[in-house]
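Participant: Have a look at this one before I ask anything.
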Amino acid sequence: MSGKSRRCRKAKLLFFRPRTAGDLHNALSQIFSEVGLGQMDVKLGRSLGYIASVLVKTTELSDHEVRLRAMEQMMNSINLEELKNEHPFSPA
């Protein structure tokens, strides 16, 4: 197969917005399988795999950020309740 024919092959890609690390895991599995079967160009698979791995990291970071904010809000509400209990007649 010539270089031109390899470049002109088009892979059928279904793009979707991954919402979880599980979605990204499934996408990476599909990329791995298609590259292994020769249905996807290795360079394209490498590029998509790299992008997916970056998305995994940012998804994890975003999840940690959301959890941290929830914990901070919970701690703030607990501290406010303790202040109210210590001084029930003072305005909060």
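Participant: Output wanted: per-residue J couplings in Hz (rounded whole) for segment 32-43, from phi through Karplus 6.51 cos²θ - 1.76 cosθ + 1.60, θ = phi - 60°, x for Gly and Pro.
Facilitator: Residue by residue, segment 32-43 yields 4, 5, 5, 5, x, 7, x, 8, 9, 4, 4, 5 Hz.
Participant: What are the ³J(HN,Hα) values, in whole Hz, obtained from phi via the Karplus relation 6.51 cos²θ - 1.76 cosθ + 1.60 with θ = phi - 60°, for each residue of segment 58-73 in sequence order, with x given for Gly and Pro?
Facilitator: The phi angles translate into 5, 5, 4, 4, 5, 4, 5, 5, 5, 5, 5, 4, 5, 5, 5, 5 Hz.
Participant: Would you kindly state how much longer the chain becomes between ASP23 and LEU80 on full extension, computed as 0.36 nm times their sequence separation minus their alpha carbon distance, in nm to one decimal?
Facilitator: Working: separation 57, 0.36 × 57 = 20.52 nm, distance 3.93 nm.
Separation in residues times 0.36 nm, less the Cα-Cα distance, equals 16.6 nm.
Participant: Starting from the Cα-Cα distance between PHE16 and SER62, subtract it from 0.36 nm times their residue separation and give me the gain in nm to one decimal.
Facilitator: Details: separation 46, 0.36 × 46 = 16.56 nm, distance 1.89 nm.
Fully extending the segment from PHE16 to SER62 adds 14.7 nm.
Participant: Still on this structure, please answer the following. Residues with amide H under 5 Å of MET40's amide H, sequence separation 5 or more or different chain, H placed in the peptide plane at 1.01 Å from N; which?
Facilitator: Amide H neighbours of MET40: VAL35.
Readers should treat all values here as calculations from the given coordinates under stated rules, not as data from a laboratory. Every value quoted in this text rests on a predicted model; they were computed, and no experiment measured them.
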